[in-house]
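Participant: My structure is below; once you've seen it, I'll send some questions.
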Amino acid sequence: MPKAIVITEQPASASVPVGYSLMMRCRATACTSPQYQWFYQCQSACCQIVGATEPDLLITARETRLYICRINDLHKNVIFSNWVRVEIHQHIAKGLLPELWQGEPIVVLNPITPEVKVGKPLQLQCAALGVPAPHYQWYHNGTPMKHQKKKKLLINSAKLSDSGTYLCCAANGQGEHWTDALEIHVDTYIFACHLIFLPATDKVALLVGNNHYWNHPHLMAPITDVFELSLLLKRLGFRVVSLLDLNKAEMLIAVNQFLQLLGKGVYAVFYYAGHGYEHSGRNYMVPIDAPQPYAPENCISVQRILQKMQQRRTALNLILLDTCRKWYNLQCALSQVQPLEPWGNTVYGYATSEDAEAYEVQDGEFSSGIFVKYLKKHILQEKKVTHMLEDVLEDIGRDPLVTGKQVMEIKHTLKEARALTDPVCTTEPTAELWGHSHELLKETLTFPCGIQVELRFQVVFSNVMHVSAKLQAPPPHITDIRLLLCRPAEVRELAMLTDCQSDRVMSLLVSLYEQEELDCVLRLCSLQKIQTDMLLQLDLHYTQLGTKQRACESLQKILQKSLLAKLFSQKSSANPSCTVGQKAAAIMCPKDAPAVNAAHEGPSSLRAEPRHSWECSSQSNICSEPEENDESDLSSLCSALQRAGPGQDCP
């Protein structure tokens, strides 16, 4: 059997000045004399370099390009080298290089001192020549920065603790070179509109949208509203966790984790969209596993959460409830609401007034709640949060679609001019778990045939991830390529979406990727139920031009436990409402629910979203109000949840 081709020396990337003569090398062994052919990437194709049939390739650097080398033998075995990037610095002349330059790093761009304010981005940049291309490591006050290993340093929201000395080291096998040290001072206050805004010690947000109920009509708008609101809060410097479709146990755990982050000076935002109701001044959120009909003990009291938030001495508690506030079962006992402590830090923003419904507008693929439609218009304003909400209230009042049907309501005890745009000023470390980065993560995989595929991982919501594959420039001897991402066995029942729901989620994905064409996309949902690593398989189907034969290759990638697996690590799998099963895990397509249509012109249609969906039972004893200690301590509830044995109900 012929010996396989083995590459013994891969070509190396380089960073050189324009006009530099660069020799790239590739070496391989085979049972017969290996034959070489070099290619470069041109647009979206792979272009052969005429006459480049030697193991060494001499080029004169004119523009930044990607290169690859193909090696074959007389037995028609073929293998490809790694892609390498030759980066050209147009502003650097080759005459500026040392006479005996051996490829050691040379810094050609030192970082410049920027003006940095608390809560605003801190950006630094450097660049260096080198053969092979140097790698980078940024330092802050002499300590390596864990995730800053590129030419550009970016801190999205600067804190006082980010002040200090910065420098970067560029290194390769030939040596290392350091940039000039840079002293950064982060200013404490931001001046705008002639006001000094009060700083926060931290800004955290929990957004929950319940769409797909087991026993109640599905909703349309929460998925879009939570997504858009999370993007806006991140722009304001909040660390955001956004969750879809939680049962009662999962909602309690998420809220409990959220409460642990609150403390003196923290700005806390809690937003909920889904079925809900109000009973004698107390608001309840309905989890997706609530029975039909539900009673208060099947739901979660918003006032209980707010009482816990107040106990943490926060600077601002903003509760945004995007639910209906109707109550239909008059036989249930009246609620008794304990008065809140007079801290002067609480703001309620109700999507609708007491004993009224909240509405949503459907326009094509997207549905949006009336409340969020106008909230996202004003939330970035640099003004006191109550004044911002008043602007939202006025816009809703002018909307002819909801005239006489929905009026926003604001309640507050806010004694200071707190704004969501206020900067974060703290020297204390923040919890890494909450509001982790949702930036696009990428990894390149290489199949045995030489085809490279870029895997991309995007957290759209904190418990919904999109995995996509993008084919890179294929080798010239392969055509008719098809990629397929296979759903991990652990989530085949968890992450299934019906077609109508997939279209809307895909629309959000397209906006994230700026409408770039992807070869395949896999949606992983209900990540809070996943407690182990997952095995992802990528199948490649292609045709070889020489033989016209169809071939298939597979690669496997281990996906580490997601953030939500850690956030929900205390979830009780023994509890019936927490069990991973087809009914609990499947995300269903929204169905039409009883609606009140408003006559108007245009493509949109107004629907009264049934976020109460109450059906009164003749057996009224199920509606009894729980005792005060049933929900008095959320942390105790979560602890009790962990102790619940098989067949036991959540407390």
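Participant: Name every residue in the range 158-174 that is farther than 15 Å from THR113 by Cα and open to solvent by less than 30 Å² (accessible area, probe 1.4 Å), in order of residue number.
Facilitator: CYS169, ALA170, ALA171, ASN172
Participant: Continuing with this model, one more query. Mind telling me which of the residues LEU229, LEU259 ends up being part of a helix (DSSP H, G or I) and surrounded by 24 or more Cβ atoms within 10 Å (Cβ to Cβ)?
Facilitator: Testing whether each residue is part of a helix (DSSP H, G or I) and surrounded by 24 or more Cβ atoms within 10 Å (Cβ to Cβ) leaves just LEU229.
Participant: Touching a residue at least 12 places away in the same chain (Cβ under 8 Å) and either open to solvent by 20 Å² or more (accessible area, probe 1.4 Å) or closer than 16 Å to ALA181 by Cα (or both): does that describe LEU124?
Facilitator: Judged against the criteria, LEU124 is a match.
Participant: Right, something else. At pLDDT 90 or above, within 37 Å of the chain's Cα centre (by Cα) and surrounded by fewer than 19 Cβ atoms within 10 Å (Cβ to Cβ): is that true of LEU66 in this structure?
Facilitator: yes
Participant: Next up: Within the range 75-103, track down each residue that is farther than 16 Å from GLY19 by Cα and not assigned by the TED database to the domain that holds GLU63.
Facilitator: LEU100, GLN102
Participant: Oh, and also: Is it true that some residue in the range 44-52 is modelled with pLDDT under 95, surrounded by 13 or more Cβ atoms within 10 Å (Cβ to Cβ) and more than 40 Å from the chain's Cα centre (by Cα)?
Facilitator: There is at least one residue in the range 44-52 that is modelled with pLDDT under 95, surrounded by 13 or more Cβ atoms within 10 Å (Cβ to Cβ) and more than 40 Å from the chain's Cα centre (by Cα).
Participant: With the condition kept exactly as written, say whether any residue in the range 84-100 is over 28 Å from LEU129 (Cα atoms) and not basic (Lys, Arg).
Facilitator: No.
Participant: Could you grab me the full set of residues in the range 71-119 that are open to solvent by 70 Å² or more (accessible area, probe 1.4 Å) and among the hydroxyl-bearing types (Ser, Thr, Tyr)?
Facilitator: Residue satisfying the conditions is THR113 alone.
Participant: Which of the residues belonging to the range 11-26 are of a type in the set (S, T, N, Q) and surrounded by fewer than 16 Cβ atoms within 10 Å (Cβ to Cβ)?
Facilitator: Matches in the range 11-26: SER21 only.
Participant: Pull up the range 357-373, narrow it to residues that are open to solvent by 10 Å² or more (accessible area, probe 1.4 Å) and under 23 Å from the mean Cα position of the chain (by Cα), then point me to the one that is modelled with the lowest pLDDT.
Facilitator: GLU365
Participant: OK, next. Could you list all residues from the range 342-356 that are closer than 13 Å to ARG282 by Cα, surrounded by fewer than 23 Cβ atoms within 10 Å (Cβ to Cβ) and at pLDDT 80 or above?
Facilitator: Passing the criteria: only TYR348.
Participant: Out of curiosity, is GLU454 in the same structural domain as LEU536 (by the TED database), charged (D, E, K, R) and at pLDDT below 90?
Facilitator: yes
Participant: Ok, one more. Would you mention how many residues in the range 280-319 are closer than 21 Å to LEU219 by Cβ and without any contact (Cβ under 8 Å) to a residue 40 or more places away in the chain?
Facilitator: Looking only at that region, the number is 2.
Participant: Quick check on the range 538-549. Is at least one of its residues of a type in the set (Val, Ile, Thr) and modelled with pLDDT of 70 or more?
Facilitator: Checked the range 538-549: at least one residue is of a type in the set (Val, Ile, Thr) and modelled with pLDDT of 70 or more.
The values are calculated or read from the model by the stated rules, or taken from the named source; none is laboratory data. None of the values given here were measured: they were computed from a predicted structure. Don't worry about glycine lacking a Cβ; one is built from the backbone with ideal geometry, like all the others, and counts go over all protein chains shown. Keep in mind that these areas ignore ligands, DNA and RNA; they rest on the heavy atoms of the full protein, side chains included. Shrake-Rupley method; radii C 1.70, N 1.55, O 1.52, S 1.80 Å.
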